[in-house]
Amino acid sequence: MQETKKVALVFLPSDSGVDGARSLYAEKDSNTLFSWFNSSMRSLIKRSQFAIPPLALMILASIEVEGIEQSICDMRFEEFPFSEKWDMVGISVQTGMAKKAFALADTLRSKGVPVALGGAHVTLFADSCRPHADVLVHGEADDLWKEVLTDLKKGSLKPIYRSENFPDLAVSRPVSKRSLDISRYFTTNLIQTGRGCQHNCDFCNVHVLNGHTLRRRAVSDIVAEVTRFQQDDRRIFFFVDDSINADPLYALELFRQLTPLKIRWFGQATTTLGQQHELLETFARSGCQALLVGIESIEAKSRSAHKKNQNKAGELVKAIQSIRSAGISLYGSFIYGLDGDTLDTPAAILDFVSQTGLDVPGINILRPIPGTQVFERLKEEGRLLFDPLDITAFRYTFGQEMLYRPKNISLDEFVESYSTLTRKVFTIKNSIARGLAAPGAKPAVLLFNLFYTHLYSLSRHDLHCQQEKKFMEKTILPSAE
Ligand code: SF4
């Protein structure tokens, strides 16, 4: 009888984020009170479990090929089990974590374990991944992975598997949770109803990776998945689509059919929902508790400079009020430092937050991700603070370092004004007040606000450390100031 082949699918932690916030500089002054507080908060946060499972790996682990056994190694929670015998290891490579992925791949290959690399970074920068892999999986892997596993079984792996077209999501591909340790996560009820985005925001790579056409799964498949998922985890559902209301007729039908299942759910939407009255009511009735909306900017100049055109700044306040009145809490995500922003922008954001009563304001710094239009533009304009030729130099953090020079604000002024803004928005008192005032998911809103109070203190600490080093730690470009 043929021996079962074992495949591990690996998810790597980012340098810092909501599922594992850490200071980029604390280790260097490990005796300080700040460092002690930081590590205590980190273990508290870990216990609070903001982490959600890696859905892309759940999808791959659900693909069955006889004679192949797949498991997920989520390195946010565990070390890679080198002592076990692996027939292949697949690593999901994101641009902010490419260095770690390559280091792990190199170690595994030096021990004779074949490595398959896939994910956004491979799709965008295949050449930089090739020296670290036996197999590259280029593009959305839903259809390719079965071919890879079948070839592994036959002993005939190819160096590259490329998806020429985006997979048709209307084809039924049930997702299973059997490879997950359910107790580790905030929730394991992750659902994706479709992929692609018809918009073109220049700081985003969703439309680059998944195309401009919305591709949808069958409503009946989603209803069946929700019914199945409910059986082993009664916690909140999270619809991970970038915009769950992008196709209003589809969303209306889906959430009407989900209403009898009595779930509670979070999702991501555009503020256009405030004008989609029937859909808004259906969302509320189907158990929607909170939504993340990408406001990005309330400055008209910034919105047009970064092609964020899908909802007009003037309509935002009314739309947000209308969504909150339906009993849905809102996480509003801003980016400060866009090309139309000035030193007056923080005051405008503060006004906006208090006028709308946003339940969780997330105030980010622009991250010029390699592969996006904004990365190319800032590279041309000589405004990046990391080596544009070394795409692995980019890393994800939570507002903790400057990766570019803002257009109208000096770096020093930016750090001071950003720090003052986050200090005003995130106090313990404001966090409790927002938690109490939230129209839905009060405990989650309170926890998130308190967590952000900590995260933005990390941001201020790290930005000031970077400022003390004159922003040079990652800089290769001559200082323009
Ligand atoms: S930011 Fe949102 S709306 Fe803009 S392109 Fe990305 S996914 Fe689409």
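We did not get these values from a lab; they are worked out from the coordinates using the rules stated. Just so it is clear, the model here is predicted, and its values are computed rather than measured. Positions of Cβ are backbone-derived with ideal geometry, glycine not excepted, and every protein chain shown enters the neighbour counts.
Observations
- Approximate spin-label separation ALA103-ILE428, in nm, with each point projected 7 Å along Cα-to-Cβ: 3.6 nm
- Among the trypsin sites (Lys or Arg not before Pro) in segment 183-250, those located in a DSSP loop and surrounded by at most 14 other Cβ atoms within 10 Å of their own Cβ are ARG234.
- Sites matching trypsin sites (Lys or Arg not before Pro) across segment 372-481 that sit in DSSP coil, with at most 15 neighbouring C-beta atoms within 10 Å: LYS469, LYS470
- For CYS465, CYS129, CYS288, order by how many other beta-carbon atoms lie within 10 Å, fewest first: CYS465, CYS129, CYS288
- Among the listed pairs LYS111/LYS158; LYS177/LYS262; LYS5/LYS99; LYS301/LYS429; LYS99/LYS424; LYS308/LYS429, those whose Cα-Cα separation exceeds 26 Å are LYS5/LYS99; LYS301/LYS429; LYS99/LYS424; LYS308/LYS429.
- Around TYR418: net Lys/Arg minus Asp/Glu count, Cβ-Cβ under 12 Å: -3
- Per-residue ellipticity at 222 nm from helix content only, as computed over the chain with -39500 (n - 2.57) for each DSSP H run of at least four residues, stands at -11500 deg cm²/dmol.
- Antiparallel bridge percentage (DSSP; both residues within the chain; nearest 5): 5 percent
- The dipole here belongs to the chain: it is taken about the Cα centre, uses +1 on the Cβ of Lys and Arg and -1 on the Cβ of Asp and Glu, and is about 900 debye.
- Estimated at 0.36 nm per residue, the fully extended path between ALA348 and GLU416 surpasses their Cα-Cα distance by 22.9 nm.
- A simple spin-label model places pseudo-atoms 7 Å from Cα toward Cβ; at GLU79 and HIS212 they are separated by 4.9 nm.
- Cysteines without a disulfide-compatible partner [the chain; Cβ-Cβ under 4.7 Å]: CYS73, CYS129, CYS197, CYS288, CYS465
- Per-selection Kirkwood Rh - segment 189-468 (Cα, Å, 1 d.p.): 19.7 Å
- Mean-position separation - Cα centroids, segment 255-297 and segment 387-420, in angstrom: 33 Å
- Debye intensity ratio in log₁₀ form over the Cα atoms of the chain, taken at each q of 0.09, 0.10, 0.11 Å⁻¹: -0.63, -0.79, -0.98
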